[in-house]
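Inspection log for the structure reproduced underneath, given as structure tokens.
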Amino acid sequence: MNNKELIKKALDAKKRAYVPYSHFHVGAALITGDDKVYTGCNIEIASYSPTLCAERTAIFKAISEGSTEIKTIAVVGDSNPTFPCGVCRQVIREFGKNAKIIIANSEDDYKEYTIDDLLPHSFGPEDLDNAKKD
Ligand code: THU
């Protein structure tokens, strides 16, 4: 699947955003290491804090289906461009250290980033490798 096709999937997912409170629509689509495609939209809850961003909806769908590596993720939202929030950046970092992150305004208007661009000097799984097991 090429960038344009993945962005199209994110735009389709964005239409399914459940956003009765913010009215801010976000869609995400990702390709996994095993070449599967998962999509997600943001989902808001009346008590607010359970709200889930589009990126994490897509990522958690992938992880729970057994695909644990993000190769590419495309994000589209109502602000042009819409960048992933800090929490989503950390989640992308967990499963997509080498991911290509596409921030798109449309299928033909997008830019590509790495996780180091969006979350420099990040903390990740490797930091825990030498933790003392006590
Ligand atoms: N939102 C996302 O879905 N992804 C982001 O990375 C930025 C924020 C959602 C959460 C909430 O439903 C709405 O946008 C407004 O913050």
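The values are calculated or read from the model by the stated rules, or taken from the named source; none is laboratory data. All of these numbers come straight from a predicted model, not from anything done at the bench. Using ideal geometry, Cβ is built from the backbone for each residue, glycine included, and neighbour counts are taken over all protein chains shown.
Can you pull out the residues in segment 106-122 that are part of a loop (DSSP other than H, G, I, E, B), in contact (Cβ under 8 Å) with a residue 12 or more places away in the chain and loosely packed, with under 15 Cβ neighbours inside 10 Å?
Residues of segment 106-122 part of a loop (DSSP other than H, G, I, E, B): 107-108, 114, 119-122.
Then keep just the ones that are in contact (Cβ under 8 Å) with a residue 12 or more places away in the chain; that gives 107-108, 114, 119, 122.
Once the filter is applied, which keeps residues that are part of a loop (DSSP other than H, G, I, E, B), in contact (Cβ under 8 Å) with a residue 12 or more places away in the chain and loosely packed, with under 15 Cβ neighbours inside 10 Å, segment 106-122 yields D108, T114.
May I ask you to say which residue of E44, E94 is modelled with pLDDT of 95 or more, within 11 Å of the ligand (Cβ to nearest atom) and surrounded by fewer than 20 Cβ atoms within 10 Å (Cβ to Cβ)?
On the way: E94 fails: within 11 Å of the ligand (Cβ to nearest atom).
Exactly one of E44, E94 is modelled with pLDDT of 95 or more, within 11 Å of the ligand (Cβ to nearest atom) and surrounded by fewer than 20 Cβ atoms within 10 Å (Cβ to Cβ), namely E44.
Which one of the conditions (1) assigned to a strand (DSSP E or B); (2) under 11 Å from the mean Cα position of the chain (by Cα) does I92 fail to meet, given that it meets all the rest?
Answer for I92: the failing condition is (1).
Among the residues of segment 98-105, is any within 15 Å of the ligand (Cβ to nearest atom), in a loop (DSSP other than H, G, I, E, B) and buried (at least 16 other Cβ atoms within 10 Å of the Cβ)?
yes
I want to confirm something. Restricting to segment 68-79 and keeping residues that are part of a loop (DSSP other than H, G, I, E, B) and farther than 12 Å from I31 by Cβ, which single residue is farthest from the ligand (Cβ to nearest atom)?
The extreme case among them is T68.
Restricting the first residue to segment 16-33 and requiring it to be basic (K, R), which pairs with a second residue that is assigned to a strand (DSSP E or B) and surrounded by 14 or more Cβ atoms within 10 Å (Cβ to Cβ) meet a Cβ separation below 6 Å and a spacing of at least six or different chains?
From residues that are basic (K, R), the pairs are R16/C41.
Within the bounds of segment 58-65, is there any residue that is surrounded by 15 or more Cβ atoms within 10 Å (Cβ to Cβ), near the ligand (Cβ under 8 Å from one of its atoms) and in contact (Cβ under 8 Å) with a residue 24 or more places away in the chain?
no
Return yes or no: is T82 modelled with pLDDT of 95 or more, β-branched (V, I, T), over 30 Å from Y21 (Cα atoms) and part of a loop (DSSP other than H, G, I, E, B)? I'd like the intermediate steps shown before the answer.
Values: modelled with pLDDT of 95 or more: yes; β-branched (V, I, T): yes; over 30 Å from Y21 (Cα atoms): no; part of a loop (DSSP other than H, G, I, E, B): yes.
No; evaluated as a whole, the condition is false for this residue.
So T114 passes all but one of these: (1) over 15 Å from the mean Cα position of the chain (by Cα); (2) modelled with pLDDT of 95 or more. Which condition number does it fail?
Checking T114 against (1) over 15 Å from the mean Cα position of the chain (by Cα); (2) modelled with pLDDT of 95 or more, the one that fails is (1).
Sort out which residues of segment 66-90 are surrounded by 18 or more Cβ atoms within 10 Å (Cβ to Cβ), among the aliphatic types (A, V, I, L, M) and out of contact with any Gly (no Cβ under 6 Å at 6 or more places or on another chain), and write them in order of number.
Scanning segment 66-90 gives I73, A74, V75.
Can you name the residue in segment 1-41 that is under 15 Å from the mean Cα position of the chain (by Cα), assigned to a loop (DSSP other than H, G, I, E, B) and within 12 Å of the ligand (Cβ to nearest atom) and is also surrounded by the fewest Cβ atoms within 10 Å (Cβ to Cβ) among such residues?
H25
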